[in-house]
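Data block below; observations after.
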Amino acid sequence: MTMFQRYTKEFKYNLKLSYPVILGMLGHTFVAFADNIMVGQLGTAELAAVSLGNSFVFIAMSLGIGFSTAITPLVAEADGAKNQADGKSALKHGLVLCTLLGLSLFGIILLCKPLMHSMQQPPEVVELAIPYLELVAFSLVPLVMFQAFKQFSEGLSQTKYPMYATILANVVNISLNYLLIFGSFGFPKLGIVGAAIGTLASRFIMVGYIWFLLKRKEKFQPYVTGFNFKVIEKKVMNKIISLGFPSAMQMFFEVAIFTAAIWLSGVLGKNAQAANQIALNLSSMTFMVGMGLSVAAMVRVGNQKGLQNFRELKRIAESIFFLTLLLEIVFAALFLIGRHWFPTIYLDVDDLVNQMDNTEVIVIAAKLLLVAAFFQISDGLQVVVLGALRGLQDVKIPTLITFVAYWLIGFPICYYLGLHTHFKSTGIWIGLLSGLTASAVLLYIRFIYLTKKLIQD
């Protein structure tokens with residue numbers, strides 16, 4: 001068997017496991033995509049306001065989603081070792097912790113709201129963003145609860161059910177957006193507050209629907225029914241927290257640098273911020289493919305860890321890294337070819353009143369997509385290697401690596417090139433590219449070091 005075949009024979013199963021996760025993740029991003037396109041029709045100030053409001057929510061969401069990923073490797077390892085009681089225990093304790101975390105994050109965002117006034121953002125943007133933020137912040141509670149069920153389901157290699165719930169949520173969100181943003185069919189015209197109501201309602205429906213789906217399936221029934229919440233084991237709570245907290249910090253460091261890019265763009269003006277939002281939204285869609293493959297890496301590495309088969313673990317993980325590299329090269333090519341056309345999807349090009357603003361946004365966004373083409377590869381690889389390390393339940397050192405890569409390497413470059421040189425917005429994105437590349441290289445070195453050690457032992 002050739003070197004390539006050792007890896008390519010795994011592609012089919014890796015894609016089968018990851019495609020529902022990718023579609024589900026794309027669902028989350030598609031909600032933002034739909035919001036952006038619909039809100040973009042109202043004007044660039046509204047688009048910048050949604051961007052500013054979501055920047056707070058994304059930071060909180062990254063903590064919630066990052067924390068919930070602790071459930072997957074625990075369930076995957078229990079599944080590999082055929083231990084149903086441990087799997088159920090991981091879900092129950094994970095659900096309690098995720099609900100508490102969702103409520104805490106909502107409270108923290110409300111406390112941070114006044115910060116918007118002191119961030120040198122355009123005043124008309126801040127005024128529009130505040131009512132939007134209040135409603136979307138509350139939607140974090142059902143979202144983080146949904147994540148607990150989603151990570152559990154993925155830990156059992158059942159990635160389809162979270163995808164179904166996300167698709168339903170999208171349909172609800174887009175329908176409510178259409179009715180409430182523009183006031184169609186006699187509904188009140190609420191502008192960007194309408195977009196927030198759509199997001200909130202769709203997330204409550206999402207968590208209700210996934211629970212309903214899992215409860216109906218015979219395989220899941222013993223796991224998701226008959227919870228005794230009176231008995232909470234400190235040992236299991238500590239295990240989830242010790243895996244979840246570093247995972248939350250890893251995601252936080254990455255999302256926070258992208259959020260810093262939104263804020264730095266706001267300092268450059270509303271057009272720079274709107275262009276940044278377009279490039280970010282497009283990049284986050286392709287990033288979801290990396291996220292899906294990252295879950296496949298986490299589940300498969302977790303299973304092999306349960307079986308104590310470390311040579312196979314390394315081969316399977318490397319096959320996922322190779323598949324990711326090939327896919328990301330395709331995305332990079334798409335970004336290079338379509339960089340002038342993609343931004344026009346987000347704006348009303350025929351709007352004569354805002355024509356100068358819109359033209360400037362398209363020019364800036366095209367430059368950003370040129371840099372984004374290259375960072376597809378770094379971004380995809382770093383998230384997949386991170387998934388493999390989570391499957392090994394190695395979370396502390398990778399957290400340190402992500403901090404160094406994004407905040408000691410990436411952010412200083414963003415800040416200096418963005419605000420102190422003629423590069424401006426492009427400079428911010430060159431900083432993001434540097435941070436992601438550093439992260440990908442350092443995490444891969446960590447993975448090779450650990451697997452070598454496990455194989456030799």
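Can you tell me how many residues in the stretch 131-158 are open to solvent by 10 Å² or more (accessible area, probe 1.4 Å) and hydroxyl-bearing (Ser, Thr, Tyr)?
Residues meeting the conditions: 1.
Given (1) closer than 24 Å to residue 318 by Cβ; (2) in a helix (DSSP H, G or I); (3) out of contact with any Phe, Trp or Tyr (no Cβ under 9 Å at 6 or more places or on another chain), identify the lone condition not met by residue 413.
So the condition that residue 413 fails would be (1).
Checking the conditions here, which among 89, 55, 51, 104 is buried (at least 18 other Cβ atoms within 10 Å of the Cβ), part of a helix (DSSP H, G or I) and at pLDDT 80 or above?
After applying the criteria, what remains is 89.
Just one of the numbered conditions (1) modelled with pLDDT under 95; (2) open to solvent by less than 20 Å² (accessible area, probe 1.4 Å) is not true of residue 353; which one?
The single condition residue 353 does not satisfy is (2).
Examine the stretch 415-433 for a residue that is within 17 Å of the chain's Cα centre (by Cα), of a type in the set (A, V, I, L, M, F, W, C) and open to solvent by less than 10 Å² (accessible area, probe 1.4 Å), and state whether such a residue exists.
For the stretch 415-433, residues within 17 Å of the chain's Cα centre (by Cα), of a type in the set (A, V, I, L, M, F, W, C) and open to solvent by less than 10 Å² (accessible area, probe 1.4 Å): present.
Which residue pairs have Cβ atoms closer than 8 Å, lie 6 or more positions apart in sequence or on different chains, and pair a first residue in the stretch 340-364 that is without any contact (Cβ under 8 Å) to a residue 12 or more places away in the chain and farther than 19 Å from residue 281 by Cα with a second residue that is open to solvent by 40 Å² or more (accessible area, probe 1.4 Å) and part of a loop (DSSP other than H, G, I, E, B)?
none
Could you please find all residues in the stretch 181-206 being assigned to a helix (DSSP H, G or I), open to solvent by 20 Å² or more (accessible area, probe 1.4 Å) and in contact (Cβ under 8 Å) with a residue 40 or more places away in the chain?
Those that are assigned to a helix (DSSP H, G or I), open to solvent by 20 Å² or more (accessible area, probe 1.4 Å) and in contact (Cβ under 8 Å) with a residue 40 or more places away in the chain: 193, 197, 200, 203, 204.
Name the single residue that is modelled with the lowest pLDDT among those in the stretch 25-40 being over 19 Å from residue 154 (Cβ atoms) and among the β-branched types (Val, Ile, Thr).
31
Sort out which residues of the stretch 191-200 are under 20 Å from the mean Cα position of the chain (by Cα) and of a type in the set (A, V, I, L, M), and write them in order of number.
195, 196, 200
Of the residues 314, 367, which is within 21 Å of residue 431 (Cα to Cα), among the charged types (D, E, K, R) and part of a helix (DSSP H, G or I)? Talk me through it step by step, then tell me what you get.
Values: 314 fails: within 21 Å of residue 431 (Cα to Cα).
From the options 314, 367, the qualifying one is 367.
Given the residues 36, 14, which is the only one that is in contact (Cβ under 8 Å) with a residue 60 or more places away in the chain, in a helix (DSSP H, G or I), over 25 Å from residue 148 (Cβ atoms) and polar (S, T, N, Q)?
36
Filter the stretch 324-350 for residues that are of a type outside the set (Asp, Glu) and surrounded by 22 or more Cβ atoms within 10 Å (Cβ to Cβ) and give the result.
Correct list: 324, 331, 335, 343, 346, 347.
Residues checked against (1) farther than 30 Å from residue 423 by Cα; (2) among the aromatic types (Phe, Trp, Tyr); (3) surrounded by fewer than 21 Cβ atoms within 10 Å (Cβ to Cβ):
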| residue | (1), (2), (3) |
| --- | --- |
| 271 | no, no, no |
| 282 | no, no, no |
| 289 | no, no, no |
| 299 | yes, no, no |
| 302 | yes, no, no |
| 318 | yes, no, yes |
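Can you list residue pairs whose Cβ atoms sit under 9 Å apart, with the first residue in the stretch 297-311 being over 19 Å from residue 456 (Cα atoms) and the second being among the aromatic types (Phe, Trp, Tyr)? Count only pairs 6 or more apart in sequence or on different chains.
297/321; 300/13
What pairs come up if the first residue lies in the stretch 208-223 and is free of Cβ contacts under 8 Å to residues at least 60 places away in the same chain, the second is of a type outside the set (Val, Ile, Thr) and open to solvent by 80 Å² or more (accessible area, probe 1.4 Å), and their beta carbons are under 9 Å apart, counting only those six or more places apart or on different chains?
Matching pairs, first to second residue: 209/164; 213/164; 215/221.
Scan the stretch 371-402 for residues that are touching a Lys or Arg at 6+ places or on another chain (Cβ under 9 Å), assigned to a helix (DSSP H, G or I) and within 16 Å of residue 242 (Cα to Cα) and jot them down.
389, 391, 397, 398
Would you mind stating whether residue 79 is more than 25 Å from residue 206 (Cβ to Cβ) and not aliphatic (A, V, I, L, M)?
Working: more than 25 Å from residue 206 (Cβ to Cβ): no; not aliphatic (A, V, I, L, M): yes.
No, not satisfied.
Return yes when residue 385 is aliphatic (A, V, I, L, M), open to solvent by less than 10 Å² (accessible area, probe 1.4 Å) and either closer than 28 Å to residue 154 by Cα or free of Cβ contacts under 8 Å to residues at least 12 places away in the same chain (or both) and no when it is not.
Values: aliphatic (A, V, I, L, M): yes; open to solvent by less than 10 Å² (accessible area, probe 1.4 Å): yes; either closer than 28 Å to residue 154 by Cα or free of Cβ contacts under 8 Å to residues at least 12 places away in the same chain (or both): yes.
Yes.
In the stretch 133-190, how many residues are within 16 Å of the chain's Cα centre (by Cα) and among the basic types (Lys, Arg)?
Looking only at that region, the number is 1.
Test of understanding: among 359, 451, 437, which residue is in a helix (DSSP H, G or I), under 30 Å from residue 296 (Cβ atoms) and modelled with pLDDT under 95?
Unique residue meeting the criteria: 451.
So residue 68 passes all but one of these: (1) over 15 Å from the mean Cα position of the chain (by Cα); (2) at pLDDT 80 or above. Which condition number does it fail?
Result: residue 68 passes all but (1).
If only one of 239, 230, 219 is open to solvent by 70 Å² or more (accessible area, probe 1.4 Å) and part of a helix (DSSP H, G or I), which one is it?
Just one listed residue meets the conditions, 239.
The values are calculated or read from the model by the stated rules, or taken from the named source; none is laboratory data. All of these numbers come straight from a predicted model, not from anything done at the bench. Counting neighbours? That spans all protein chains shown, and the Cβs are built from the backbone with ideal geometry, glycine included. Surface accessibility is based on the protein's heavy atoms, side chains included, excluding ligands, DNA and RNA. Shrake-Rupley method; radii C 1.70, N 1.55, O 1.52, S 1.80 Å.
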